[in-house]
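Encoded as structure tokens, the structure appears first; notes follow it.
The numbers here are math on the coordinates, done by the rules we state, and not lab data. Treat the numbers as computed from the prediction; the structure is a model and nothing was measured. Cβ placement follows ideal geometry from the backbone for every residue including glycine, while neighbour counts extend to all protein chains displayed.
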Amino acid sequence: MLRAPVYNYAEVFADPQVEHNAMVVEQQHPTAGPIKVINTPMKLSETPAQLGPAAPRLGEHTQEVLEWLGYDTAHIERLRQERVV
């Protein structure tokens with residue numbers, strides 16, 4: 001039977017292979033500043049994958065999502081006033 005170690009987070013991120021493959025990178029977050037995130041595992045030489053934007057802040061896309069669902073501006077404002085969103 002093959003056995004392999006089970007790493008905790010600190011051990012995973014300190015692993016030489018994780019470092020060599022740049023699996024953890026720093027990204028700028030609009031409110032938190034620089035944060036460390038998991039990089040894409042796809043390493044293609046001719047079409048390298050790129051990291052997407054930082055995670056949205058709480059409620060950052062609420063207006064757009066509710067409009068997409070068909071709510072009008074007045075209804076969304078009522079939801080805000082009632083502290084639903």
State whether the residues of region 57-71 include one that is among the basic types (K, R) and either more than 30 Å from P5 (Cβ to Cβ) or over 12 Å from the mean Cα position of the chain (by Cα) (or both). yes
For region 32-44, check the following and say yes or no: at least one residue is over 28 Å from A10 (Cβ atoms) and in contact with a helix residue (DSSP H, G or I) (Cβ under 9 Å, 6 or more places away or on another chain). no
